[in-house]
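Every number in this text was worked out from the coordinates using simple rules, so none of it is lab data. None of these values were measured; they are calculated from a predicted model. Here Cβ is always computed from backbone atoms with ideal geometry, including for glycine, and neighbour counts include all displayed protein chains.
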Ligand code: SF4
Ligand code: MG
């Protein structure tokens, strides 16, 4: 099948004083219908900016995003309105993203008002249906966000994102703010909804611990650049890029035989305003060589469907 989303050399730079902050610096990615692509990297790696630019919450500096073959930045108003229904976002912090003065009914009903979709009794029925779909009690329709737990609030956020029958959802760290015990429940809910409704996801996360269970493929980013892309299983079994290896080494693995040696990265992600020359990861890379300071490693397919940008493989 053809991709639902095609991201082509997408760049998003911000101006800070008289300098450029390259938050996303050349993203290329196809996402197929029904697929989940995990997007992983530490905070400050450009994941959220990438997600927001892909769904046009931000205008790109350059590059294109095609949705069903159509450029999402070049659409007229009618097409944009359709796009805004079919492309949704679930946010990281369900508390901050829900208006505390609105009831659940008003929160989930808001998209219908914005898009002049449903009203009256039909709307209320649909809101109840959405509550059931995300596993919430329909008796709680008049309650306010603070009356719910973190996991329940995220379910409300998901119900709102589902209101207009979307096709593509960017989930921006939807489980990072939740207790570990609740994370799996929300991931399972997202998987179940995907199956029922034929949804396509971009699932953003800052570590690799839960991503495997939801993603078909995983893309790892570092300082605005793509560093590795592979099928989930393949990425976990044979990570190529030193950054991916470090991220994976900190994932808790119950079986001691499979445990990896912990790789502790030195320091934090450098400022994207003044990134290192050559490979942007070289200041923290345990395998850095002379060439890494001089040349930008090229993105290449090292094994079928498994891509990375690192001088070790060139
Ligand atoms: Fe490390 Fe060099 Fe590979 Fe960059 S290109 S990840 S510095 S080995
Ligand atoms: Mg973020």
Original post:
At what distance in nm do the modelled label points of residue 140 and residue 11 sit from each other, each positioned 7 Å from its Cα along Cα→Cβ?
Top reply: 4.7 nm
**OP:** With springs only between Cα atoms under 10 Å apart, run a GNM on the chain and tell me which of 45, 285, 171 wobbles the most.
**Re:** 285
Original post:
Considering only DSSP beta bridges whose two residues both sit in segment 5-313, what percent are antiparallel, to the nearest 5?
Top reply: 60 percent
**OP:** Multiply the residue separation of residue 301 and residue 59 by 0.36 nm, subtract the distance between their alpha-carbon atoms, and state the gained length in nm to one decimal.
**Re:** 84.2 nm
**OP:** With an 8 Å cut-off on Cα pairs and a minimum separation of 6 or more residues, tell me the relative contact order of the chain in percent.
**Re:** 20 percent
**OP:** Rank by packing, highest mean first: peptides 224-235, 77-88, with packing defined as the count of other Cβ atoms within 10 Å averaged across residues.
**Re:** 224-235, 77-88
Subject >> Sites residue 176 and residue 19 - FRET efficiency at Förster radius 25 Å, r taken between beta-carbons, to 0.05 >> reply: 0.30
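Decide, for segment 1-143, between rounded, prolate and oblate: order the square roots of the alpha carbon gyration tensor eigenvalues as a ≥ b ≥ c, take rounded if a/c falls under 1.5, and otherwise choose prolate if a/b is larger than b/c, else oblate.
Details: a/c = 2.09, a/b = 1.69, b/c = 1.24.
It is prolate, given that a/c is not under 1.5 and a/b is the larger ratio.
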Original post:
What value, in deg cm²/dmol to 500, does the helix sum -39500 (n - 2.57) over DSSP H runs of n ≥ 4 give at 222 nm once divided by the residues of the chain?
Top reply: -9000 deg cm²/dmol
Original post:
By its C-alpha gyration tensor, with a ≥ b ≥ c as the square roots of the eigenvalues, how is segment 252-314 shaped: rounded for a/c under 1.5, else prolate for a/b larger than b/c, else oblate?
Top reply: oblate
Original post:
If you build a Gaussian network model of the chain, linking Cα atoms that sit under 10 Å apart, which residue out of 132, 217, 153 swings the most?
Top reply: 132
**OP:** Quote to one decimal, in nm, the extra length available between residue 273 and residue 192 on full extension: 0.36 nm per residue of separation minus the C-alpha distance between them.
**Re:** 25.1 nm
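Please give the contour-minus-distance gain from residue 250 to residue 238: 0.36 nm per residue of separation, less the Cα-Cα distance, rounded to one decimal in nm.
Values: separation 12, 0.36 × 12 = 4.32 nm, distance 1.53 nm.
My answer for the length gained is 2.8 nm.
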Original post:
Which of these, 220, 104, 296, has the largest mean-square fluctuation under a Gaussian network model of the chain (Cα springs below 10 Å)?
Top reply: 296
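Between residue 294 and residue 43, what FRET efficiency follows from the Cβ-Cβ distance if R0 is 35 Å, with the result rounded to 0.05?
Values: r = 29 Å, r/R0 = 0.81.
After rounding to 0.05, the efficiency reads 0.75.
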Subject >> Debye-sum result for segment 5-313 in log10 I(q)/I(0), which assumes one identical scatterer on each alpha carbon, at q = 0.07, 0.10, 0.12, 0.15 Å⁻¹ >> reply: -0.29, -0.59, -0.84, -1.23
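Relative contact order for segment 193-241: what is it in percent, counting Cα pairs under 8 Å that are at least 6 residues apart?
Numbers: 36 pairs, mean separation 10.9, N = 49.
Relative contact order here is 22 percent.
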Original post:
For the pair residue 212 and residue 77, what calculated FRET efficiency results from E = 1/(1 + (r/R0)^6), where r is the Cβ-Cβ distance and R0 = 35 Å, to the nearest 0.05?
Top reply: 0.30
